[in-house]
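The values are calculated or read from the model by the stated rules, or taken from the named source; none is laboratory data. These numbers come from a predicted model, not from an experiment. Here the Cβ is made from the backbone with ideal geometry for all residues, glycine too, and neighbour counts use every protein chain on show. The area values use the complete protein model at the heavy-atom level, side chains included, leaving out ligands, DNA and RNA. Shrake-Rupley method; radii C 1.70, N 1.55, O 1.52, S 1.80 Å.
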Amino acid sequence: MVWISRICYRKYGNFVDNLRLYVRGGSGGMGLPRLGGQGGKGGDVWVVAQKEMTLKRVKDKSPQKRFIAGVGTNSSVHALRGQKGEDQEVIVPPGITVTNDDGKVLGKLNTEGDRVLVARGGQGGSYHSEFLPSKGQTRQIRLDLKLIADLGLVGFPNAGKSSLLTALSHAKPQIASYAFTTLRPEIGKVMYEDHKQISVADLPGLIEGAHMNRGMGHQFLKHVERTRQLLFVVDVCGFQLASKTPFRSAFEAVQLLIKELELYKEDLPCKPAVLVVNKMDLPDAEDKLTELQEQLLNPHEFSHLLPDDMLPKNNMVFRHVVPISAATGFGIAHLKTCIRQSLDKDASMAMADSLHRDRLQALRGAVPAKNTFTWGPTASA
């Protein structure tokens, strides 16, 4: 038995994946000149990753978006060394990249417990500063969330991504016949019989030109960056976004999706990927699937179907091509097996690489360093 629990960001209201905050370290405490006392250091401001937290909660708890650490205590006759001011912690979800206004990365928080120092406290007054304290560091920082998941669903609007997740989880997200159903990311948790869990990110659908921030644009593509593998979803009968846009076959949809990922970040299409061919319950679906499979085997022979500037530089080789019908449940069990096999393969490769590195390091430690060999009698002989 395989089941999925669904973590839906909608339950917290509007999804928030970036915030700009004002942070300030605490000022140091005053020194005591007549006794040479040193004031306490000001508190620091840290950004700390914690599970079950969202940026929406950060925003709701601190609507002013100001985080200021405590002031160091003054030196006194009772305590010549003042105490450090209280640190301030900004609790955020894992997957956050912290930058300043210039775009410089201050740190990344990938797992629970990761910490990034964003504003240092000022020094307490001492002999070297004429017993006058310094102010704490002040800056504006940006918190940018990039979802971390095992799989990221990639597809054009109406390809059936939400329907697929519904078929896997038996949940009931908003599904409609209009193009943009998914407007906020959602995370589903797949649990297998051996209690292995796989996270799946259902993300807003791409449109042509997403790399230039059209449609959901970068709001979508930045979340793809941190998924371990990609799950492409295409309509076997092709799609047309609007009456004024060209019709795209399933093969053209695959090529355009690869191109959009490539234009946003060139190494994105290098991620391992599985192709899901949806809506196999439609008329002529079997014939169209056969045509798609032939085109995927010989993509260069069909490159004339798209303009040169819409063709990806390199073709992706999918680990599995799985025909399904999210509406009827056809192929869902096989898809779950393929997903597990693909992720297990990467886990095995990563473990083998880790063992290889450990063995090399052990060998290097066992071999004497260069130029340490002495031929003939040693100096102590």
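From the Cα trace of the range 101-168, what convex hull volume per residue do you get, rounded to a whole Å³?
152 Å³
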Q: Please list, or write none, the aspartates and glutamates whose alpha carbon is within less than 18 Å of the alpha carbon of K84, excluding same-chain residues fewer than 8 places away.
A: D44
Q: With a point put 7 Å past each Cα toward its Cβ, work out how far D309 is from N110 in nm, to one decimal.
A: 3.7 nm
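Note the direction-averaged projected area, equal to a quarter of the hull surface, for the Cα convex hull of the range 51-98, in nm².
It is 4.9 nm².
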(Q) Could you tell me the center-to-center distance, by alpha carbons, between the range 68-105 and the range 226-266 in angstrom? (A) 46 Å
Q. Given q = 0.22, 0.30, 0.31 Å⁻¹, what are the Debye log10 I(q)/I(0) values for the range 80-135, with equal point scatterers placed on the Cα positions and solvent ignored?
A. -0.88, -1.25, -1.29
Q) Put H356, H320, H195 in order of accessible area, largest first, 1.4 Å probe: what do you get? A) H195, H356, H320
(Q) How large are Rg and Dmax for the range 37-152 when calculated on the C-alpha trace, in angstrom? (A) 17.1, 61
Q: Rank these by accessible area, largest first, 1.4 Å probe: K41, K61, K146.
A: K61, K41, K146
(Q) For K259, give me every one of the lysines with a C-alpha distance below 20 angstrom, ignoring sequence neighbours fewer than eight places off in its own chain. (A) K161, K222, K271, K313
Q. Where in the range 265-283 does the amide nitrogen come within less than 12 Å of the point 7 Å from the Cα of E301, taken along Cα to Cβ?
A. none
